[in-house]
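Down below is the structure, laid out as structure tokens.
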Amino acid sequence: MAAPPGGHGHPGPTRRVDASMSLLTDLMDRPLDPAYEAARRARQARGSETPGRRRPWNTALVGATAVLTGVLLGTSALTYAGPESRDGRADLVARIEERRQAIETASVRNVALADEIHAREAGALGRNSDEAAQLEQLRVSAGVTPVTGPGVRITLDDAPGLDPIGGGPRDETDDTGRIVYRDLQNITNDLWAAGAEAIAINGHRLTSTTAIRFAGAAVLVGFRPLARPYVIEAVVGPEGRSAFQRGDGGRYLADLRTAYSARAALERAQSLSLPAADPLALEYAHRPGGARTPRGSAPAPPSPTSPSPAPQEKQ
């Protein structure tokens, strides 16, 4: 009778404890693929590889590669910081300044051509005619002609001691004394409401299409970045000046000074000369009393000058 397991009979073949995990055991005992292992043993048999020892020429090659890489990096750094790099940067700055001067020259020429067109229009209409006066008023409203007259000059600047770099738009929870784009928007809107005839910020004339916005910490007026301090000049009469100082504009300036410690100064100017704005690109045009015609499209056919005859009644 066979002895039960664990009894005093003849023991059976010994079984490994981890026999049920043969796959994991093989992976642990022989991590190298059999084909790679056979190839390694073949190389060892031929004497082409000595286990645990690196060939001298391999070590020398690695060292030479490291030295060559360091030399190349050092040469690149010296070249970047050398005279050629500095000359290239200076050339780039000179080209930017040259283009900027070209733009300024073209802008001045555009203003001169606009003045010439204005003179020709006035000559064609008659300088003392009602049409010429109406055209001049429209040109002033559009900002395409220079304006001279009495007004106010408002100078805005950050509070003393602020970091000149950084600072975003101020909101209700921000008590910094930095002048932001919204300050210029509010003050110019109050000046328009008080009856200002023309307004310019740092020499840039405002029109109905001029946007005042920000890009990071920079204030843009008509897509042109401005530098502190911000000088707002407005041609406005005595009544408009008083209305601005007694109204929301004066209170806003006072809040900038008292609540935010910003520098906001207002002074009267006996005579201001505001330049013309950049020439406008008209999208629509129409004759007085006629319908608007989009730019580039054919004009509408003229309307009949006399009504069509009424149909006669049948007898």
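At a glance:
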| read-out | value |
| --- | --- |
| Flag if Val62 is of a type in the set (A, V, I, L, M), farther than 30 Å from Val147 by Cβ and at pLDDT 85 or above | no |
| Subset of the stretch 101-136 that is part of a helix (DSSP H, G or I), polar (S, T, N, Q) and surrounded by 11 or more Cβ atoms within 10 Å (Cβ to Cβ) - its residue that is farthest from the chain's Cα centre (by Cα) | Gln134 |
| Scope the stretch 201-218; condition out of contact with any helix residue (DSSP H, G or I) (no Cβ under 8 Å at 6 or more places or on another chain), more than 23 Å from Arg178 (Cα to Cα) and β-branched (Val, Ile, Thr); matching residues | Thr209 |
| Total residues in the stretch 155-182, condition modelled with pLDDT of 70 or more and small (Gly, Ala, Ser) | 3 |
| Criterion (acidic (Asp, Glu), at pLDDT below 90 and in contact with a Lys or Arg (Cβ under 6 Å, 6 or more places away or on another chain)) met by exactly one of Glu313, Glu267, Glu283 | Glu283 |
| Residue match in the stretch 183-194 (condition: at pLDDT 85 or above, closer than 23 Å to Val147 by Cβ and outside any helix (DSSP H, G or I)) | yes |
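Residue by residue, here is whether (1) surrounded by 13 or more Cβ atoms within 10 Å (Cβ to Cβ); (2) farther than 14 Å from Leu184 by Cα; (3) not small (Gly, Ala, Ser) holds:
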{"residue": "Phe214", "(1), (2), (3)": "yes, no, yes"}
{"residue": "Val231", "(1), (2), (3)": "yes, no, yes"}
{"residue": "Val235", "(1), (2), (3)": "yes, yes, yes"}
{"residue": "Gly250", "(1), (2), (3)": "yes, no, no"}
{"residue": "Leu256", "(1), (2), (3)": "yes, no, yes"}
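The values are calculated or read from the model by the stated rules, or taken from the named source; none is laboratory data. Predicted, not measured: the structure shown is a model, and the values here were computed from it. Glycine gets a Cβ as well: all are built from the backbone with ideal geometry, and neighbour counts include every protein chain shown.
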